[in-house]
Amino acid sequence: MKAWQTSCIVAVLASVGLFLAAANRPAATVPDVMSQAAASIPAAASMAAPTNVVTPAAYAEASARLAAALREERAEPRAVMSAGSAPLRTEAEIVDQPVAPKLASLGQDVVQSLPPERDASNGAPKAASTRDFRHLAYYVWSELPPAEKPAEIVLRAFRDIPLGTPTEEIKRAADAFGLDFNFMMAVAKIESGFNPNQRTGSYIGLFQLSYYEFGKFGFGQIRSPRDNAVAAAYKIITEGVLFEWITHRKPDMSDLYLIHQQGWEGAAEHISRPARAAWKSMCATSEGKEKGERWCKRAIWGNTLPAFKRTWKSVDNVTSEAFVGMWRGRVAEFYTKYVATAAAAASQ
């Protein structure tokens, strides 16, 4: 009888050990914020989306996967190199057709729109394969600050890769975080015209980040196209997740740009109260409440395209719906342009 009991106990312990080992194994897929949007661009995005609740089990799973992934990262040397790059200026067009590609749900594999062997921007050979750092999105779930910043982890992996053009660095950052390259190109075009030295007030670099934003999401030098692109990519992933938690609505590409420009609270206010004056939506955010009406109006009117200013005449005439529609068109125009460029390069 004792022998039988002993064998049962051993079997139970073995089963528990196997279960725990499996639970700590990194998963094959991780939360993604971008989707298979390059395949088609629907005319509008649905406002409804299933409610996503972050349960204790989901949090525990995320923490376990992050820990497992970081154990692998820490095996590498700790060094980061950054450098500057010459500016590249291009002209911007103004459009107003609203298009909103939907994002895949968090947890699905991302499908990039670039052809496998050519760079979408000019048909040049694609850069060397970039490691997948999408697991760093799990820091969004973490209650404790990371031992080292996600941007630092990514830049350390890039240390032996010579600094490229702004387009090449955008591609590298997009691949690292599983973001759509064409979307990131559209954002950089709108923000800086691909000029890493661009400065507009307190916003600097390729993706026009403030020093506060760069300090929170990035690492290195804000004017470095590589460092700025990596910071912007991680910012977009993080704020996209926060937006979905608050609104229970998966962000489309236009939402993500609006989040980048207006903050995730501002984007949520604009989308949830479309008939309200856009500046009042900004004043409903924690930052708007702190800084006041003047700042809220400047945040809207300062980000309104000239053609629309001539039509609207005053910031008081701009609703959240109109403001969002303007930027949907802007993002869609450039996104479509870069998808077409990629298709043309692939056919050559």
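Taken together, the values in this text are just the output of simple stated rules run on the coordinates, not laboratory data. Please read these numbers as outputs of a predicted model, since none were measured by experiment. So basically every Cβ, Gly included, is an ideal-geometry build from the backbone, and we count neighbours across all protein chains shown.
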Here, Ile161 and Ser286, labelled 7 Å along Cα→Cβ, have an inter-label distance in nm of 3.4
Quick one: the Cα spread of the stretch 223-348 along its three principal axes, in angstroms, biggest first? 52, 33, 33
From the cross-link list Lys289/Lys309; Lys216/Lys280; Lys171/Lys291, the entries with a Cα-Cα span beyond 30 Å are Lys171/Lys291
Report D for the stretch 274-338 in µm² per second (integer): Stokes-Einstein, Kirkwood Rh on Cα pairs, 37 °C, 0.692 mPa s. 267
Gained length - Asn303 relative to Ser347, 0.36 nm times residue gap less alpha-carbon distance: 12.1 nm
May I ask you to sort His270, His260 by Cβ crowding, counting other Cβ atoms within 10 Å and putting the fewest first? His260, His270
I need the per residue convex hull volume for the stretch 152-224, using only the alpha carbons, in cubic angstrom as a whole number. 83
